[in-house]
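Worksheet: one structure, shown below.
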Amino acid sequence: MLILLSYRTYALPTPEYDVTVVGAGISGLAAAYELKKKQPDIRVVVLEARDRVGGRTYSVNMRAANQIIERFDLGGQWLHSSQWQIVNLLAELGVPTFPQYAAGSRVTQFPPSNKITQIDSRPGTFTQIQQSDIQRIEALLADVDFEGALTNDARYDLWNRTTVSAAMNNMNLSQETVDSIDGLLASHFDSSSQDMSMLFFLMALKSTGMRLTVMLSAVPNGRRIAGGSQTLADRLSNSIDVRLEQEAVRVAIESNIVTVTTRQGRQFTSKKVIMAIPPVIASEIIFSPPLPQEKMALLRDLRPRGDDIKFVATYQSAFWRAANMTGNVQYRADDKRGIQANYEPISDVVTFDTTSAFNSPALVGYYIPSREYEPEEARKRAVLNIMARLLGNDMARNPIDYREMRWDSSVPFNKGGAGTLGTGQVPHNYAALLRAPSNGHIFWAGTETATEWTSYMNGAVQAGQRAAAEVLQQSQTVNADPIKALLTLPCSLFGLLCSTSNAS
Ligand SMILES: Cc1cc2nc3c(=O)[nH]c(=O)nc-3n(C[C@H](O)[C@H](O)[C@H](O)COP(=O)(O)OP(=O)(O)OC[C@H]3O[C@@H](n4cnc5c(N)ncnc54)[C@H](O)[C@@H]3O)c2cc1C
């Protein structure tokens, strides 16, 4: 009796959960789902700062044709059938996808000629000049090692210091290749070639395992999630204990128990924690004990670049389809003076058809606002005017509904969009450092930590599944260790926490 009492006196509290996941974007939810799938009795809680799940997938209700309300995407949107992690997960959850509309011609207007050109091209067809440019870029990939630590190679340093725009200039690429890569960066990364480092571009490309030709036609050859991309997070969260409006501000480890404290004043205790939030946000959380200095510096540096605005306009009819157009336009203003002269406070407009799975016509696009404080109404008028001009139809000026979202550093809980890196932001041990578990109990998910399709929704799924596997693997290693198993026996008998510490 005396022995039992003394055990009670010194017994450490049992954590409420096995795993706390911070962040209910696709990655955090995929991690929690995977943990429960592999070990149904595991106790998992997901903490989300916002009042909704989905993070950078953001599907909003808009008024559409025939007076119905439909969800359209202001965040992550397109999938590719080769992205097997997300494709399999959607199939498992019974979430339908449908093909991107891509029939007809696309329209461009670029300086210096500023000629409106209609190109009757099928997705994935390239001129000979483009093909040779693409081969030269792909040849650079042979020297990029995404999986391991980057070697201390002069080439990495050079690419790390060079923007994509400068690199394309140095390589003397044709204007048509430059234009299509600019379009890719805007539609895939919410970023521009002036903003992204060549090293990040090559690393991101390498992580897709795809030919650049496939990437350049990924949107027209892509698929979309019925009901909007946020449907994936909504569906995942159905079977998971998610606590909304719980913003993690402190992660403390003491006596092998992780305590996550939220701004709202709640505390969640667990054996392990998976951080599934953008790196720059993770750098704002207080860790006790602190994260290794090198890791902290990297998290702080991984600041997403670019401040593109994504917009959706819904219409009564798909007038572009009737004119045998895909709805894809690409426009670049001449330069700042050109913009002033034309009174167009925006540049680099890219649009695509985003008609819903239920056939509500709509166009989606990106643009760069050229005057920072332009009111939304003026920007909206400018973007719709450009679309009307390039699509050759005034109907573009009169959408039923229009919504836009600026993914810049002011967005709480993301502080940016697709998460690309500028020059000088990638240390040599980037990949290993980013993903390595910390302080024995902290695991890292989030698309930025993915080894496949980093920065994409698929990367978010892959990273979440990998972090879940790491957590399970660590507990299995402990259980398989006969000495540790023996040591855990009295712990479990008397309700003590059994340590699985494996600090790195
Ligand atoms: C405009 C835009 C267009 C894109 N287009 C595409 C596309 O076409 N195809 C594609 O594959 N990808 C696209 N992406 C990228 C894709 O959306 C992201 O890669 C993916 O959604 C990231 O998921 P995640 O779970 O890693 O991060 P997030 O979605 O950022 O999830 C992190 C979650 O953590 C929460 N959080 C943050 N801080 C805290 C805290 N302290 N406590 C608790 N919770 C916190 C956030 O609120 C968020 O819900 C696009 C992104 C943007 C912005």
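Considering only the stretch 63-93, state which residues are over 25 Å from R243 (Cβ atoms) and away from the ligand (no atom under 16 Å from the Cβ).
R63, A64, A65, N66, Q67, I68, I69, E70, A91
Which of the residues spanning the stretch 94-117 are over 29 Å from M387 (Cα atoms) and away from the ligand (no atom under 16 Å from the Cβ)?
The answer is G94, P96.
Can you give me the number of residues within the stretch 397-441 that are under 20 Å from A276 (Cα atoms), over 21 Å from the mean Cα position of the chain (by Cα) and surrounded by 18 or more Cβ atoms within 10 Å (Cβ to Cβ)?
Here the count works out to 3.
Conditions tested, residue by residue: (1) among the hydrophobic types (A, V, I, L, M, F, W, C); (2) modelled with pLDDT under 95.
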position: L2; (1), (2): yes, yes
position: D18; (1), (2): no, no
position: A30; (1), (2): yes, no
position: K36; (1), (2): no, no
position: R50; (1), (2): no, no
position: G54; (1), (2): no, no
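Among (1) at pLDDT below 80; (2) closer than 30 Å to I69 by Cα, there is one condition V214 misses while meeting the rest; what is its number?
(2)
Working carefully through the options R122, R106, R155, find the one that is in contact (Cβ under 8 Å) with a residue 24 or more places away in the chain, charged (D, E, K, R) and more than 30 Å from Y33 (Cα to Cα).
R106
For D41, state whether it is surrounded by fewer than 22 Cβ atoms within 10 Å (Cβ to Cβ), at pLDDT 95 or above and within 10 Å of the ligand (Cβ to nearest atom).
no
Of the numbered conditions (1) buried (at least 23 other Cβ atoms within 10 Å of the Cβ); (2) outside any helix (DSSP H, G or I); (3) out of contact with any strand residue (DSSP E or B) (no Cβ under 7 Å at 6 or more places or on another chain), V53 satisfies every one except a single condition; which is it?
(3)
Residue-wise test of (1) surrounded by fewer than 18 Cβ atoms within 10 Å (Cβ to Cβ); (2) closer than 24 Å to A49 by Cα; (3) of a type in the set (S, T, Y).
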position	(1), (2), (3)
S239	yes, yes, yes
A248	no, yes, no
V251	no, yes, no
I285	no, yes, no
T326	no, no, yes
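The values are calculated or read from the model by the stated rules, or taken from the named source; none is laboratory data. Owing to the predicted nature of the structure, the values given are computational and were not obtained by experimental measurement. Glycine also receives a Cβ, built like all others from the backbone with ideal geometry; neighbour counts cover every protein chain displayed.
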